[in-house]
Each structure stands twice: as C-alpha cells, then as structure tokens.
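Input: a single structure, listed below in structure tokens.
The values are calculated or read from the model by the stated rules, or taken from the named source; none is laboratory data. None of the values given here were measured: they were computed from a predicted structure. Cβ placement follows ideal geometry from the backbone for every residue including glycine, while neighbour counts extend to all protein chains displayed. Accessible surface areas use protein heavy atoms only, side chains included; no ligands, DNA or RNA. Shrake-Rupley method; radii C 1.70, N 1.55, O 1.52, S 1.80 Å.
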Amino acid sequence: MTEADLAALGVHRVAIPIPFVAAGGPVNLYVIEAPDGSLVLFDAGLGSEEAQAALQAGFARLGRSLREVSRIVISHGHVDHFGAARFVQEQGGGAAVFAHPGDLGKIDEAGPRFADQAPAFGAHFARLGMPAEVREAVLRSGERSYGWSRRVEGVRPLAEGAVVEGRHVRFTVRHFPGHTPGLIALHEPRLGLLLPADHLLERISPNPLIELGPDGRDGFFRPLLAYLESLARTRALDLSLVLPGHGPPFAEHRAVIDGLTAFYLKRQARLAGALVDGARSGWALCSALFPTAKPADAFLTMSETVANLEVMAARGEVVREERDGAWSYRLLRSRRPRQPPAPRAM
C-alpha cells in the first residue's frame, strides 16, 4: 500500500522537522478525514515556530486548513508529539484533545512541570552515581526541551478500545506502554494498518525512559519490561503496513520486532560482561555502554542502562543493592546471551 493509496482512504502523513537527532528524523503527524467532513489529527508535532510553519504548510499541500481539525489524539506525552496541540486549537474552533490517562498529566495544563520534578530526578540520578555536573546538564537540557511546547487545558482521557472513526477507515485505540506509560497507537484491523507513534520504529529503538512516581518514588514504572510485553502483543497483530512516528511507512513488522529483541539481548549481554569483575554503579555501567555520550544526553543513556538492568533483575540475573544512599548492581549468576525468538508463522 502506497501513500497515494492511504490518501484515497483519507489518511495523510505530514512530516515535521525536530531538533532531536536521536529521535530518528522528523516527527510524523497523521491527518484523518472524518465522516462529518472535519479532520482528526493524530499527534500535533513540536511547538516551535519552525515546526508550526511546517504544520501549516503540510495542511496547505493537502488543500486543507487547521481550522478544520475537530479532534487531536495525542499518542504520548513527549513534546515532539503534543507540543503544537494548543497552536492547532488556536487556529480554529478549539479542537478537543485526547490522550491516555497514563500520559495525560504530561500534556494537560494542570499536570506537573519538569521543574517540579527536577529535584526528584536529581536525587534519583545521584543514587545511581551520576556526577553532579552531569546531573546539572541533564536537568538544564530537560527544562530547555519543554520550551518547545505549551500545555493544553482540559485534555480528555482516551483508553484502550476507543474508536477513531475515519471516512474510509475505523481505527481502534491500542495501549502499548513502554516508551511512556500511556503511549497509544491506532490500529485498523480490516486493512492491517498500525499507527504506533514511537512504539515501533524501523531504524531505531524507542528509548525506555525513567519515570518516577509521586514524591519521586522509584519503581513506579519499569519501561523496558512493559515495552517488551507490548512488543509481544504487537507482534501477534496481522499488519500490512506500519505508519510510524518517525521515518517512512514500512512492512514486515515482525522482522523489525525480532531485530529489537535481539538488540536488547546484546545490550544486556554487554551489561553482564561489565559486571563480571564485581558490582558497579548505574553511572559506571552507563559510561561503559555509552563511552562517548554527551552529558546532556545522560537522561537517555541512563534510562537505557537502568531499563535493561531491570529486565535482567526480573530474570534473576542481577540485583540492585543500596549502601549509604547509593545504589550498585551485582551479577547473581553468569549468563550467556539469549538467542532472539525465531519468527513465528502467523
């Protein structure tokens, strides 16, 4: 199925530039023609002036206007996906905005700001052994990224099983926690279409980001454990085409998923190798995995490190220990890298 075929179904991809190299390219928004003649927008893009201009230009190429958007469905609470939602509302009749309850607080005006959570993240990273100057760079970078978005008032909850009706398509909302707790995708089972946002990308692995609970509580959400379970459910779907949050559409989703599974097993094998000579801090392990990473990227690299350690801990291979307010990880038993599961005929 080509993008021309999708356009005939009333589904259009609009690519919006973003400054995040690790994201895997421009962010994709999807314009869905609704039965009543209005438009549904799946994701809204970044809230920068450049991104908002690209959004307007993309609509103009379709011969449509932002004033026609009646609903905005946000896949998850990251700024490159919801940042321009309020801008879209202001161009027209105040389109209703929907998101899964698990991410609603990241998008809604009433939710906590990064500045509110910064002290808890700083303390969390300190327990993981991250140096003070790196923690400061991480927190500055996080605060800066939220400058590319504006919160939305009255975001409405959208849960698993809800329906997004199009002119020639009927999407069902699928909840795929992992990249964030509340990430949702749109699934059209009759045509085998999936709009997974950042849940499934062809060229890169979605980062399993650290999430802290109320009062900075650790263990609130274990992203990679949740992600692998969500991937298993995605693999079981019969799909003809995936329309991702970054990059062009692709097919053969099971091969992509099997490649992701193998990638994580290799990363876990490297962590096990780094622990053979004894316990190490999270920061030491992060530095071993990503020796050339910039300090400002340490939120991403530490999240990746900790998430893989959590998977290994769930399998009984490592344990996290605390001493004098600091954490270290210790290998419980030697392990050989597991082989990725063989593709299953479906």
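So that you can scan it fast, the table gives a plain yes or no per residue for (1) surrounded by 20 or more Cβ atoms within 10 Å (Cβ to Cβ); (2) modelled with pLDDT of 95 or more; (3) of a type in the set (Phe, Trp, Tyr):
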| position | (1), (2), (3) |
| --- | --- |
| Gly24 | no, no, no |
| Ala34 | no, yes, no |
| Gly47 | yes, no, no |
| Ala53 | no, yes, no |
| Ala57 | no, yes, no |
| Val73 | yes, yes, no |
| His76 | yes, yes, no |
| Lys106 | yes, no, no |
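Selection of the range 239-265 for residues being within 21 Å of Tyr30 (Cα to Cα) and either assigned to a helix (DSSP H, G or I) or in contact with a Pro (Cβ under 8 Å, 6 or more places away or on another chain) (or both) yields Leu241, Val242, Leu243, Pro244, Gly245, His246, Phe250, His253. Of Arg61, Arg71, Arg86, Arg67, all but one fail to be touching a helix residue (DSSP H, G or I) at 6+ places or on another chain (Cβ under 9 Å) and not hydroxyl-bearing (Ser, Thr, Tyr); the exception is Arg67.
All of Ser230, Ser240 fail the test of being among the polar types (S, T, N, Q), on the phi < 0 side of the Ramachandran plot and surrounded by fewer than 20 Cβ atoms within 10 Å (Cβ to Cβ), apart from Ser240. Just one residue in the set Phe82, Phe176, Phe87 is farther than 25 Å from Asn308 by Cβ, in contact with a strand residue (DSSP E or B) (Cβ under 8 Å, 6 or more places away or on another chain) and surrounded by 16 or more Cβ atoms within 10 Å (Cβ to Cβ); that residue is Phe82. When Thr305 is tested against (1) open to solvent by 20 Å² or more (accessible area, probe 1.4 Å); (2) under 18 Å from the mean Cα position of the chain (by Cα); (3) within 23 Å of Val138 (Cβ to Cβ), exactly one condition is not met: (1).
Looking across the range 110-125, the residues that are open to solvent by 40 Å² or more (accessible area, probe 1.4 Å) and either under 23 Å from Ile18 (Cβ atoms) or in contact (Cβ under 8 Å) with a residue 60 or more places away in the chain (or both) come down to Arg113, Ala115, Gln117, Pro119, Ala123.
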